[in-house]
Amino acid sequence: MIVKLLACTQNADAICAAAGKSCYSERSSADLLGKSDPEKTLGKIVGMGHLSVVEHASFTFSVEGVSRSLTHQLVRHRIASFSQQSQRYVSLKEPTYVIPETVAADPECKALYEKTMDDIWKAYNKLCETVPPEDARYVLPNGCTTNITITMNARELLHFFSLRCCNRAQWEIREMADQMLALCKEVSPTIFKNAGAPCMRGPCPEGKLTCGHPRKSDKV
Ligand SMILES: Cc1cc2nc3c(=O)[nH]c(=O)nc-3n(C[C@H](O)[C@H](O)[C@H](O)COP(=O)(O)OP(=O)(O)OC[C@H]3O[C@@H](n4cnc5c(N)ncnc54)[C@H](O)[C@@H]3O)c2cc1C
């Protein structure tokens, strides 16, 4: 998969810090911008649960070569905007699909998987000779690759990273979320300082379903 940060609020840490500070000041955020240490200000305000201040920062990503399984999980996040490659208007003549590592690691499973994909695409292309791609696509698999553009504000991203950087999330969406978080940290180190799976910040909330492997030690 390829994950790129296309655009984001410039100077997001400082803008959110000024917005937060303006709630407790006679001065405007314009007056306060750049006059406080974002880490100190945001750390305190966000720590109190005053998370609306980080909604002023927005991030847009381009994601290529992920499966439709992943995007089905992704678009359950409602406080976000998505633009996904259409299977109605784009016909996928050549087989294009994600192979999970577990499948790739087992020669018999891999051969079965690849043969099934070849058969599916033969059927798809045959159907496309008679019916529109929007109807032929009904035979396409969950593993079919797609491209998607995602925009989220920082508050939703913090929530998204809590759920999807967790080891309980599926590997593919977790890999994408980890890459998105690394890109966010480069441009907004303060807002995303403690972002990631809940075990980065405290005890695991997953109870009996815990993976038992805190991600604190990970490099993300
Ligand atoms: C490990 C894992 C396993 C999952 N398994 C399943 C599954 O088996 N089946 C399944 O259907 N889904 C499953 N999901 C999806 C999950 O139930 C959520 O739909 C998805 O994670 C989006 O999260 P969300 O609703 O918290 O957040 P978002 O849609 O991103 O919303 C952010 C927050 O806004 C608030 N919010 C948004 N909309 C509303 C609303 N209408 N009313 C009140 N508050 C709102 C909530 O506080 C919410 O947490 C799974 C998710 C994970 C991470």
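We did not get these values from a lab; they are worked out from the coordinates using the rules stated. Computed from a predicted structure; not experimentally measured. Neighbour counts run over all protein chains shown; Cβ positions are idealised from the backbone, glycine included.
Key figures
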{"item": "Restricting region 1-32 to residues that are aliphatic (A, V, I, L, M) and part of a helix (DSSP H, G or I), the residue that is nearest to I45 (Cα to Cα)", "result": "A17"}
{"item": "Qualifying residue in region 165-180 (condition: β-branched (V, I, T) and in contact with a Pro (Cβ under 9 Å, 6 or more places away or on another chain))", "result": "no"}
{"item": "Residue match in region 32-41 (condition: crowded, with 18+ Cβ neighbours inside 10 Å and either under 19 Å from P189 (Cβ atoms) or aromatic (F, W, Y) (or both))", "result": "yes"}
{"item": "Members of region 48-78 found to be within 14 Å of the ligand (Cβ to nearest atom), in contact (Cβ under 8 Å) with a residue 40 or more places away in the chain and farther than 29 Å from V98 by Cα, listed by number", "result": "L51, S52, V54, E55"}
{"item": "Residue count, region 79-123 (criterion: within 30 Å of N153 (Cβ to Cβ) and in contact (Cβ under 8 Å) with a residue 12 or more places away in the chain)", "result": "12"}
{"item": "Residue in region 144-161 that is more than 30 Å from I191 (Cβ to Cβ) and surrounded by 16 or more Cβ atoms within 10 Å (Cβ to Cβ) present", "result": "yes"}
{"item": "Test: residue in region 163-171 that is over 30 Å from Q87 (Cα atoms), surrounded by fewer than 17 Cβ atoms within 10 Å (Cβ to Cβ), among the hydrophobic types (A, V, I, L, M, F, W, C) and within 14 Å of the ligand (Cβ to nearest atom)", "result": "no"}
